[in-house]
Amino acid sequence: MSTLAADTEQSLASVVVVDYGLGNLRSVTRGLERAGADVEITDDPDAFEDADGVVLPGVGAFREGVENAAPIREDLLAVAERGQPLFGICLGMQMLLTASEEGATDGEAAVEGLDLIPGTNVRFDDGQKVPHMGWNELAVERDHPLVEGIDGEYAYFVHSYYAVPDDEFSALASTDYEREFPSIVANEAGTVFGTQFHPEKSGETGLQILRNFVEICADADTDTDS
């Protein structure tokens, strides 16, 4: 269990940060604790079930992420099945989709994502500077508790692939990088969602998103208790 203190006197919700060998676990944890969460870093499925919400972080390649997470794949799917909030960050967000062009390497079999948000991750066009790195603007596309208070704000991106959901309604927010792409996505039920950017590196904007997530988890816990 993390020992960093949250900004609030009492934690609002319990959150698990999934440790599958990839991701800025400490940075994400500190951000969540600042947002009012009691955070545990673990790959224990029992902890997933007991938590109010689950965060799937990630830095690196799609194939490596999916393969590293393979032992807990069914447990992550169970989180979504139970309706617990599941929040993917950067690579973790891409893993929520069905597949990625990055996984279809020549001579290798394609890798299937979690398929919780139907769609594909595609590479930015030839001629565009990749990776897309630095601060860029968020334009909220539709209402969802995760995006409250962030329309027109800026977040920090580092990525060469972006999500193309099958359903345009999946895009909660978009960003323009010579083309408009979904920077925040969610499933139809609104309980599985992710950001292409790193909220833990995005200053006050990122902290607002993490606070929104913690409040979603707290509300979900209240609904369960009732």
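Descriptive notes on the structure:
- Diffusion constant of region 15-64 at 10 °C, which comes from Stokes-Einstein with the Kirkwood Cα-pair radius and 1.306 mPa s, µm²/s: 143
- Axial C-alpha extent at least 27 Å, average Kyte-Doolittle at least 1.6 - helices from the chain (DSSP): none
- For region 44-89, trypsin sites (Lys or Arg not before Pro) are listed when DSSP marks them as loop and at most 10 other Cβ atoms sit within 10 Å of their Cβ; the list is empty.
- Within region 15-114, the proportion of Cα pairs with more than 21 Å between them is 30 percent.
- Which label in (1) 1.05; (2) 1.52; (3) 0.94 gives the computed Cα Rg over 2.2 N^0.38 Å: (3)
- Relative pair counts by distance (%), Cα atoms of region 177-226, 10 Å bins: 21, 45, 27, 6, 1
- In region 71-161, the ratio of gyration radius to Kirkwood radius, Rg to Rh, stands at 1.01 when only Cα atoms are counted.
- Applying the criteria of a DSSP loop state and at most 14 other Cβ atoms within 10 Å to the GluC sites (Glu not before Pro) of region 20-114 yields Glu108.
- Among 88-95, 113-120, the peptide with the highest mean count of other Cβ atoms within 10 Å heads the list, and the full ranking is 88-95, 113-120.
- Counted charge near Thr98, where neighbours are those whose Cβ lies closer than 10 Å (Asp, Glu -1; Lys, Arg +1): -3
- Most positive-pole-ward Cα, Leu76, Gly134, Pro45, against dipole of region 35-147 from beta carbon charges: Gly134
- Between region 59-105 and region 13-33, the C-alpha centres lie 15 angstrom from each other.
- Taking other residues whose beta carbon is less than 12 angstrom from the beta carbon of Asp19, and scoring Lys, Arg as +1 and Asp, Glu as -1, yields -2.
- Net charge in the neighbourhood of Gln208 (other residues with Cβ under 12 Å of its Cβ; Lys, Arg +1, Asp, Glu -1) is -3.
- Order by protection proxy (mean Cβ within 10 Å, highest first), peptides 12-18, 199-205: 12-18, 199-205
Read the figures in this text as sums done on the coordinates, not as results from a lab. What you are looking at is a predicted structure, and each value in this text was computed from that prediction instead of being measured. Note that each Cβ is placed from the backbone with ideal geometry, even for glycine, and that neighbours are counted across all protein chains shown.
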